[in-house]
Amino acid sequence: MNFLLEFRIYHVYKYNWTIQYNESFFGGFMETNSKQLPKIVKATDAEALADLALNCFINYANRAIEKQGLFRVAISGGSTPVRFYERLSNAAHSKIQWEKVHIFWVDERCVPPSSEASNFGLATHAFLLDIPIPGENVHRVTGEAENYADAVADYEQVIRDVFKIPKGRIPAFDLIVLGMGTDGHIGSILPNTYVQFDTDDLVSAVYRMNGDYNRITLTVPVMKEAQRILILVSGKNKAKIVREVFGTEPDPIKYPVHALWPVQHKIRWLIDEPAAGML
Ligand code: 6PG
């Protein structure tokens, strides 16, 4: 098999950007074509990564608002985006027309918003309370619903209403912000579980059998349809999975992030040095 050795790596040292092309440090495991080359932006540390994420967010928001008068973004939970969210509460709010922003969640645990495990709760404390966004522009998943099917149907309807699309059509979020788990999961699309990759459903419940919270997630077709995707990866504990996902042939069942490989051109990877340590 003919493997390609070419990747684009943007090394970022704080605000000092050096752009390097054609690096071959992955050992050339992955077969791809030029349209699918991962665009990786390497940050020195978690703080620099948060700065980068903030810059991307402001940039994409302003462009979308200029073009179409609104910016529709879906955000993730987890620990990685917290620093970025905190920055949104300070520096950015004067630079973003928040009344034109609609915030959704990529996924949510089936818990009430007051729970420490709630992604909505996390974003609320990290930045939502500090920005002048109208309440009706904040579209959370009702993780506390007793009947998950209701929560799924309600969330799907909210998305269809905001995007003004009928059943059967997939919305194109202006931006989807993802993290990546140490097992390669994105949103709540978890490895070795039953997830439909090919579905008209926008939202799906994910049942956990291991005592972890059940979850509600955007589906893979929705993720793939986004205009832009940011994947934030930080910390030494991610070094192995980063190496694995870039160093093996696409297998979305084992590594759900590989489900996005066909739309690699839409993704900007923001990876800090500890997470990129094994590349
Ligand atoms: C969540 C996210 C999940 C997360 C990854 C990475 O709510 O936990 O949906 O997909 O982005 O697990 O999490 P960390 O940022 O904590 O590593």
Which pairs in the list LYS39/LYS240; LYS67/LYS236; LYS39/LYS167; LYS42/LYS100; LYS67/LYS266; LYS100/LYS236 are over 27 Å apart, alpha-carbon to alpha-carbon? LYS67/LYS236; LYS39/LYS167; LYS42/LYS100; LYS100/LYS236
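Relative contact order of region 121-191: what whole-number percent is it, with Cα pairs under 8 angstrom and at least 6 residues apart?
Details: 26 pairs, mean separation 9.3, N = 71.
Reported relative contact order: 13 percent.
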Please give the solvent-accessible surface of VAL82 in Å², to the nearest 10, using a probe radius of 1.4 Å with every protein chain present. 40
Peptides 265-278, 241-254, 114-127 ordered by average Cβ neighbours within 10 Å, highest first: 265-278, 114-127, 241-254
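By how many nm would the segment from ASP45 to ASP198 grow when fully extended, if each residue of separation counts as 0.36 nm and the alpha-carbon distance is taken off?
Here the segment from ASP45 to ASP198 would lengthen by 51.5 nm.
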About the Cα centre, charge dipole magnitude for region 39-144 (Lys/Arg +1, Asp/Glu -1 at Cβ), debye: 440
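In percent, what relative contact order does region 85-136 have, based on Cα pairs under 8 Å that are 6 or more apart in sequence? Let's see the in-between values first.
Working: 42 pairs, mean separation 24.6, N = 52.
Here the relative contact order equals 47 percent.
List the relative contact order of region 226-279 as a percent without decimals, with contacts defined as Cα pairs under 8 Å and 6+ residues apart.
On the way: 66 pairs, mean separation 33.5, N = 54.
With pairs under 8 Å counted, the relative contact order is 62 percent.
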Assuming 1.306 mPa s and 10 °C, estimate D for region 71-168 with Stokes-Einstein, Rh taken as the Kirkwood radius over Cα pairs, in µm²/s. 113
Using alpha carbons only, how many angstrom separate the centre of region 202-230 from the centre of region 37-57? 23
Residues of region 110-128 with amide N under 13 Å of the 7 Å Cα→Cβ point at GLU86: 125-127
Determine by what factor the alpha-carbon radius of gyration of region 212-271 differs from 2.2 N^0.38 Å, reporting the quotient. 1.19
From the phi angles alone, apply the Karplus equation (6.51, -1.76, 1.60; θ = phi - 60°) to region 232-242 and give each ³J(HN,Hα) in whole Hz, x where the residue is Gly or Pro. 9, 10, 9, x, 4, 5, 9, 4, 5, 5, 4
Calculate the radius of gyration of the Cα atoms of region 137-279 to one decimal place, then report Dmax, the largest Cα-Cα distance, as a whole number, both in Å. 15.6, 45
Hey, can you rank 66-77, 226-237 by average C-beta count inside 10 Å, highest first? 226-237, 66-77
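The values are calculated or read from the model by the stated rules, or taken from the named source; none is laboratory data. Predicted model, so just to flag it, every value in this text is computed and none were measured. Methodologically, a virtual Cβ is constructed for each residue, glycine included, from the backbone with ideal geometry; neighbour enumeration extends over all protein chains shown. Remember, those area values only see protein heavy atoms, side chains included, never the ligands or the DNA or RNA. Shrake-Rupley method; radii C 1.70, N 1.55, O 1.52, S 1.80 Å.
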